[in-house]
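Notes follow the structure.
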Amino acid sequence: MSFVPASGPYSRAQRIAITVPVLMASLLHAINMSTAYVALPNIQGNLSATPDQISWIITAFVVASAIGTVLTGWLSARLGRRFVFLGAILGFTVTSALASSAGSLESLVFHRVLQGFVSAPLLPISQSIMLDTYPRHKHGFAMSIWSMGMILGPVVGPTLGAFLTEWYGWRYLFLANIPFGVVAFVAIFAVLPRVAGERRPLDWVGVTALIVAVGALQLMLDRGEGENWFESSEVVIEAAAAAIAFYVLIVHSLTADKPYINLSLFRDRNYVVGLSLIFVFGVAVFSSLFILPLFLQNVQNYPVIAAGWVVSSRGLGTMAAMLVAGYLTDRLPAKYLILTGLACVGVSNLLMTDWTAQVGLTEVVWLTVINGFGMGLMWVTLTVVTFSTLTPQLRVEGAALFSLIRAIGASMGTSVIVSIMVRSAQVNYMQLREHVQDFNPNLRAYELSTGIDPHSAGGLMALRNLVGAEALLIAFLNDFVFLFVIAAAAAPLVFLLRRAR
């Protein structure tokens, strides 16, 4: 297969032949994320993990993916994106097999780290391929089609993951990735053209500083709650390492001749605003995907299959948004579409703060659909407008940084959500426990209506479980408040976007 220019030109048949396997590759990443979320409570029980430890299964993958994304632009330029893309698919497939055989939480987290690192190029390279394959006036359509691969994951993934977990066990969540990976590898190998590489030196100082900064910051966020934050010398060291690494990265990027982060990217206003908004997107999407299955299974006692169906409704809303977003993006100002998406995300999370343990299934599903619709509208529109004024020569680097910022938002958001949930549950439990006394008329009325004897061991255990359940419910509601605040705070940034010429 001969070398061809990255941007073609391609015939209609060639575009279709390239698009289909690229969608399959993006589907790999999406299915893997969505199936893992719905099975977290089962994995937690099977591996005897605490709520903050089980989040490592998600954050380890996301952080490793962020670190791997750092090298995507350089590897693509040096080796050719076809070779790197095939390597990412192969690595993802192999590490899925390793994750399925994990015998402990530590082993599973380690394999998830490997999986996230080797599969990091999947999204940025597939995105840049789609942008190069289609002409500029069809970028809205191209991003809508490309996003369908990511959306089929949230639609199919939770239900598939729930059935696999219920019938066979959580290990089959990872085994299910293997046939998808084999088919995607063969298809990409057959149709994706080879693009000539170039010898480009790697800025090792900038890369090392970025990896240390991201890794240390994530460790601080993951370990902070369990180690009582800055009262722990470990957390202080991690915070100091992150601050120093970020400082070195900024100074080096401003003074080096050819820094890792191409500063010309930041001359494009749309791109800078897009990075800010995709960070918010990462926080909102992945944090809510993390807490919704936990809420359904731990607060409302949904079986895993029912929780999978409910979480899948988010994907239906996102799919509906993407069906119209590709058409509207090329015809309406992008800032209004993004603002509409933010409004859907923010308002749905605001309404979720009124949930109780008895909230009806209909309300949960509708708010989840609205939330997914807002995310889908944001994703397609934001992807198009961020790269609308960026030159083709910067697209691979721009897409890699775009994915990196989204991954950082996802990992940080998940850590903050877990921290809020754990801390709120503890504080609320202590406060609610003070009301368990004989002089509380509400408690006496509850005892009479339920027949609980607070002076017996069984009665005390029932009251303890009740207080713990209410404390956990309030903790989830605090998480929804956080997600609403994040969406509302990002809204003013939308008005800084400008229409592409």
Query - Candidates THR208, THR133, THR159 - the one that is hydroxyl-bearing (Ser, Thr, Tyr), modelled with pLDDT of 75 or more and under 27 Å from THR19 (Cβ atoms) - result: THR133
Report task. Scan segment 225-263 for residues that are more than 18 Å from VAL212 (Cα to Cα), among the charged types (D, E, K, R) and surrounded by 12 or more Cβ atoms within 10 Å (Cβ to Cβ) and jot them down. Result -> GLU225, GLU227
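If you check SER119 against the conditions, is it assigned by TED's automatic domain parsing to the domain that holds THR391, hydroxyl-bearing (Ser, Thr, Tyr), buried (at least 24 other Cβ atoms within 10 Å of the Cβ) and in contact with a His (Cβ under 9 Å, 6 or more places away or on another chain)? Working first, answer last.
On the way: assigned by TED's automatic domain parsing to the domain that holds THR391: yes; hydroxyl-bearing (Ser, Thr, Tyr): yes; buried (at least 24 other Cβ atoms within 10 Å of the Cβ): yes; in contact with a His (Cβ under 9 Å, 6 or more places away or on another chain): yes.
Criteria met by SER119.
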Query raised in the report: Would you say PHE266 is among the aromatic types (Phe, Trp, Tyr), outside the structural domain of ALA488 (by TED's automatic domain parsing) and surrounded by fewer than 18 Cβ atoms within 10 Å (Cβ to Cβ)?
Result: no
Report task. Please work out which residue is farthest from PRO193 (Cα to Cα), limiting yourself to segment 68-85 and to residues that are surrounded by fewer than 19 Cβ atoms within 10 Å (Cβ to Cβ) and touching a Leu at 6+ places or on another chain (Cβ under 9 Å). Result -> ARG78
Report summary line: Residue pairs qualifying under the 9 Å Cβ cut-off, at least six apart or on distinct chains, with the first in segment 176-194 being surrounded by 15 or more Cβ atoms within 10 Å (Cβ to Cβ) and the second being of a type in the set (Phe, Trp, Tyr) and outside any helix (DSSP H, G or I), are PRO193/PHE3; PRO193/TYR10
Query raised in the report: Any idea how many residues of segment 337-358 are buried (at least 17 other Cβ atoms within 10 Å of the Cβ) and farther than 13 Å from PHE484 by Cα?
Result: 5
Query raised in the report: Within the set of pairs 6 or more residues apart or between chains, which connect a residue that is in a helix (DSSP H, G or I) inside segment 241-266 to a residue that is modelled with pLDDT of 85 or more and surrounded by fewer than 17 Cβ atoms within 10 Å (Cβ to Cβ) with Cβ atoms less than 7 Å apart?
Result: HIS252/VAL205; PHE266/VAL272
Requested in this report: Among residues belonging to segment 452-471 that are closer than 26 Å to VAL359 by Cβ and either assigned by TED's automatic domain parsing to the domain that holds SER419 or not aliphatic (A, V, I, L, M) (or both), point out the one that is modelled with the highest pLDDT.
Outcome: GLU470
Query raised in the report: Which pairs do you get when a residue that is over 16 Å from ILE408 (Cα atoms) and touching a residue at least 60 places away in the same chain (Cβ under 8 Å), found in segment 217-239, comes within reach of a residue that is surrounded by 15 or more Cβ atoms within 10 Å (Cβ to Cβ) and among the small types (Gly, Ala, Ser), reach meaning Cβ atoms under 9 angstrom, with the pair 6+ apart or on two chains?
Result: GLY224/SER232; GLY224/ALA239; GLY224/SER415; GLY224/SER419; GLU225/SER415; GLU225/SER419; GLY226/SER232
Query raised in the report: hydroxyl-bearing (Ser, Thr, Tyr), assigned to a helix (DSSP H, G or I), closer than 30 Å to ARG136 by Cβ and free of Cβ contacts under 8 Å to residues at least 60 places away in the same chain - does that describe any residue in segment 338-360?
Result: yes
Query - Residues of segment 93-109 that turn out to be within 12 Å of ALA60 (Cα to Cα) and either crowded, with 16+ Cβ neighbours inside 10 Å or modelled with pLDDT of 85 or more (or both), as a count - result: 4
Query raised in the report: Just wondering, is there one or more residues in segment 279-292 that are among the aromatic types (Phe, Trp, Tyr), at pLDDT below 80 and part of a helix (DSSP H, G or I)?
Result: yes
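Rundown of residues vs (1) assigned to a helix (DSSP H, G or I); (2) of a type outside the set (Lys, Arg); (3) farther than 26 Å from LEU275 by Cα, yes/no style:
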site: GLN53; (1), (2), (3): yes, yes, yes
site: ALA64; (1), (2), (3): yes, yes, no
site: GLY73; (1), (2), (3): yes, yes, no
site: ALA77; (1), (2), (3): yes, yes, no
site: LEU86; (1), (2), (3): yes, yes, yes
site: ALA97; (1), (2), (3): yes, yes, yes
site: ALA120; (1), (2), (3): no, yes, no
site: PRO124; (1), (2), (3): yes, yes, no
Report task. Answer with yes or no whether VAL418 is touching a residue at least 12 places away in the same chain (Cβ under 8 Å), assigned by TED's automatic domain parsing to the domain that holds SER128 and not in a helix (DSSP H, G or I). Result -> no
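The values are calculated or read from the model by the stated rules, or taken from the named source; none is laboratory data. Given the structure is predicted, the values throughout are model-derived calculations rather than measurements. When we count neighbours, we look across all protein chains shown, and the Cβ atoms used for this are built from the backbone with ideal geometry, even at glycine.
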